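Only one structure is covered here, and it is reproduced in the block below.
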Amino acid sequence: MAMNVEVLSVSVEDKGKYKMAEVAYKGGDGKVTSKKLMSFNHPEVFKTFADAKQGNVFTVESEKNDKGYWDWISASIGGAMQKSAPSVSGNPSPKSTYETADERANRQVLIVRQSSLSNAVEFLGLNNKKIPSVQEVVEVAKYFESYVFGKQDTPEKEPFEDLESDVL
């Protein structure tokens, strides 16, 4: 089984006939734990971690031994640690993806404008012999929009008054 580990600290102890390295590490799941490595059991792995520095990341292959314990059988420098959830201390809070009040207001204006344009096209198309120009559609749409937003209660001139002669 392969896993990525980030070395937090290594302490090596001389036990006489062999050496023991205790490696404190953070696994790919962000959990901090430790592993004791003996110089006589997979000496290349022991040497790799005995010389490791804090922050080094290794890809470790492990397998269960006859006693049911996991042995690290190989280690290679590199690998990519997955970022765990940000800690509370020192990290800025995530950026909000919600619209601000101004963004919501602007979106509402766009929705009303789109609706006003659709309704202006429909209105000008009713009983009209000629196809209305873009300018006429926009004029009527602006009238509808200003009415919806309460900006124009009594217009000086309705933009479609001169269209009455075209109606059947």
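Data table
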{"item": "Residues (modelled with pLDDT under 65 and loosely packed, with under 10 Cβ neighbours inside 10 Å) located in the range 85-108", "result": "ALA85, SER87, VAL88, SER89, GLY90, ASN91"}
{"item": "Considering residues of the range 64-75 that are farther than 21 Å from LYS15 by Cα and surrounded by 11 or more Cβ atoms within 10 Å (Cβ to Cβ) only, the residue nearest to the chain's Cα centre (by Cα)", "result": "ALA75"}
{"item": "Boolean, LYS130 is basic (Lys, Arg), over 30 Å from ALA52 (Cβ atoms), part of a loop (DSSP other than H, G, I, E, B) and at pLDDT below 90", "result": "yes"}
{"item": "Criterion (in a strand (DSSP E or B) and surrounded by fewer than 14 Cβ atoms within 10 Å (Cβ to Cβ)) met by exactly one of GLU6, GLU44, GLU13", "result": "GLU13"}
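Conditions (1) in contact (Cβ under 8 Å) with a residue 24 or more places away in the chain; (2) closer than 17 Å to ILE73 by Cα, marked per residue:
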residue	(1), (2)
GLY27	yes, yes
GLY30	yes, no
SER34	no, yes
MET38	no, yes
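The values are calculated or read from the model by the stated rules, or taken from the named source; none is laboratory data. As the structure is a computational prediction, the values presented were derived from the model and not from experiment. Here Cβ is always computed from backbone atoms with ideal geometry, including for glycine, and neighbour counts include all displayed protein chains.
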